[in-house]
């Protein structure tokens, strides 16, 4: 399974897969992690929500690995089927995970508009 821990040990692959060096990623990750709690509260405070905030399933991947997943997706533009294999998730979860964290990543790291779904 692809993860930050595995990729960061191979800086050339890390840069090739994400478009960032490990150091650049770490700097951006600090900003993302500082904004993440507020982002999640906003996302979970929807009026359509039937359950209390904190109820329901939790993400299988940690924030760091979900950011890697989004960057790999945008850098390599691979299918969800391959992402499923690389990250150990069902392809519907890959889609949902990307959708739920994409706006936060976009706020911290400019993603070209022609790459957005």
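The values are calculated or read from the model by the stated rules, or taken from the named source; none is laboratory data. These numbers come from a predicted model, not from an experiment. Using ideal geometry, Cβ is built from the backbone for each residue, glycine included, and neighbour counts are taken over all protein chains shown.
In the stretch 47-86, how many are in a helix (DSSP H, G or I) and out of contact with any helix residue (DSSP H, G or I) (no Cβ under 7 Å at 6 or more places or on another chain)?
Residues that pass the stated criteria total 3.
State which residue is modelled with the lowest pLDDT when the search covers only the stretch 21-46 and only residues that are within 23 Å of residue 95 (Cβ to Cβ) and in a loop (DSSP other than H, G, I, E, B).
Only one residue fits best here, namely 46.
So, of the residues in the stretch 11-21 that are in contact with a helix residue (DSSP H, G or I) (Cβ under 9 Å, 6 or more places away or on another chain) and farther than 14 Å from residue 65 by Cβ, which turns out to be surrounded by the most Cβ atoms within 10 Å (Cβ to Cβ)?
20
Being assigned to a loop (DSSP other than H, G, I, E, B), touching a helix residue (DSSP H, G or I) at 6+ places or on another chain (Cβ under 8 Å), free of Cβ contacts under 8 Å to residues at least 40 places away in the same chain and surrounded by 12 or more Cβ atoms within 10 Å (Cβ to Cβ) is the requirement here; does residue 89 meet it?
Yes.
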